[in-house]
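Only one structure is covered here, and it is reproduced in the block below.
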Amino acid sequence: MLKLASLFLLLFVALQVNVQARELSSDFVKSQSGKFSQGGLVVLQLTEGTKVSLNGAALPVVDNYTVLGFGRDAKLRQEIAFTRGKKSAHVPLTLTKRRYSIQRIDGLPPTMVTPPEAAMARIIAQGKLKRQARAGLRREADFSQSFRWPVKGRISGVYGSQRFYNGEPRRPHFGIDIAAPRGTQVVAPAPGKVTLAEPDMYFEGGLIFIDHGLKVISAYMHLDSLNVKVGDQVAAGDVIATVGSTGRSTGPHLDWRMFWGGARIDPALVVTGSPSR
Ligand SMILES: [Zn+2]
């Protein structure tokens, strides 16, 4: 009997919370932009003093802004919790499911598909460098404005596609590829701080990371020349590099990627405007 009573109590509490969620969300969120989708990034402007968590993990809040990101294969059911003083709300939400295509890239040197033993130490050391530069520890939010295209041109590869290199299955593609002539200027799509600027990474070739704050990092690959160094603060529109075909690449293009912590975000869901020149 006691068990049944507590079950009803639980049910009652659960219903209350659900009702509160609908009524209270405007109490916690002033404005919202972005897409609740696999590969999406959502920026929330919270009411003063609101704390927020995603699936139980507290998120950083700066100047009342917070960011939520969802990876390529993020589970569709997510839960955001808000608290301010004694008020709280749990908001369950369902992400939009994405469909990803298959892309085949042929004509690569075999060492770019399966690296030789001799290259492994270099690849491992560079992986560590990337993880450090991607830790996303900056608290400042530099991007309350929107992201612009870092370069304009034809889109030659999209986020999420399952990739085959010279017929061999490899990890999905997490960037958006923009074909442009070698030497075309690459600009910062939003303000931030450079956390990595390496001219010769094994797979990425010339590579730059920009930390935009609140766990959001953007990356630029296959660069021909680099105009910035680690620690530089860049403004939106600043020239950071030029387009190239360095690393694992079959022609000049920019591979633009975005991260929210460990989650890989689709830049196409974040950027505004058209990529055509
Ligand atoms: Zn690419």
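The values are calculated or read from the model by the stated rules, or taken from the named source; none is laboratory data. Quick caveat, the model's predicted, so the values are computed rather than measured. All Cβ positions, glycine included, derive from the backbone under ideal geometry; neighbour counts span all protein chains shown. These accessible areas exclude ligands, DNA and RNA; they are computed on the full protein's heavy atoms, side chains included. Shrake-Rupley method; radii C 1.70, N 1.55, O 1.52, S 1.80 Å.
Can you tell me how many residues within the range 207-260 are more than 13 Å from the chain's Cα centre (by Cα) and away from the ligand (no atom under 16 Å from the Cβ)?
17
Being farther than 24 Å from SER161 by Cβ and of a type in the set (Lys, Arg) is the filter; apply it to the range 78-101 and report the residue that is least open to solvent (accessible area, probe 1.4 Å).
My answer is ARG84.
Residue by residue through the range 131-173, note down the ones that are open to solvent by 30 Å² or more (accessible area, probe 1.4 Å), in contact with a helix residue (DSSP H, G or I) (Cβ under 6 Å, 6 or more places away or on another chain) and either part of a strand (DSSP E or B) or among the β-branched types (Val, Ile, Thr) (or both).
Matches in the range 131-173: GLU168 only.
Looking for whichever is farther than 19 Å from MET221 by Cα and either modelled with pLDDT under 90 or within 16 Å of the ligand (Cβ to nearest atom) (or both) here; the options are ALA141, ALA135, ALA121, ALA180. Which one fits?
ALA141
Got a sec? Which of VAL243, VAL230 is among the hydrophobic types (A, V, I, L, M, F, W, C), surrounded by fewer than 22 Cβ atoms within 10 Å (Cβ to Cβ) and under 28 Å from PRO115 (Cα atoms)?
Exactly one residue qualifies, and that residue is VAL230.
Could you list all residues from the range 237-277 that are among the polar types (S, T, N, Q) and either within 26 Å of TYR165 (Cα to Cα) or in contact with a Gly (Cβ under 6 Å, 6 or more places away or on another chain) (or both)?
Selection gives THR242, SER245, THR246, SER249, THR250.
Name the pairs: first residue in the range 78-104 and of a type in the set (Asp, Glu), second residue open to solvent by 50 Å² or more (accessible area, probe 1.4 Å), Cβ to Cβ under 8 Å, at least 6 apart or on different chains?
GLU79/ASN55; GLU79/GLY56; GLU79/HIS90; GLU79/PRO92
Out of the residues in the range 16-41 meeting the condition of being within 12 Å of VAL91 (Cβ to Cβ) and at pLDDT 85 or above, tell me which one is least open to solvent (accessible area, probe 1.4 Å).
Going through the qualifying residues, I end up with PHE28.
Taking the stated definitions as given, is GLY127 at negative phi, part of a helix (DSSP H, G or I) and within 18 Å of the chain's Cα centre (by Cα)? Don't jump to the end; show me each part of the working.
Working: at negative phi: yes; part of a helix (DSSP H, G or I): yes; within 18 Å of the chain's Cα centre (by Cα): yes.
When the stated conditions are applied, GLY127 passes them.
Among (1) of a type outside the set (Ser, Thr, Tyr); (2) part of a loop (DSSP other than H, G, I, E, B); (3) surrounded by fewer than 16 Cβ atoms within 10 Å (Cβ to Cβ); (4) assigned by TED's automatic domain parsing to the domain that holds PRO189, there is one condition LYS75 misses while meeting the rest; what is its number?
(4)
State whether one or more residues within the range 182-202 are within 12 Å of VAL243 (Cβ to Cβ), part of a loop (DSSP other than H, G, I, E, B) and open to solvent by less than 10 Å² (accessible area, probe 1.4 Å).
No, the range 182-202 has no match at all.
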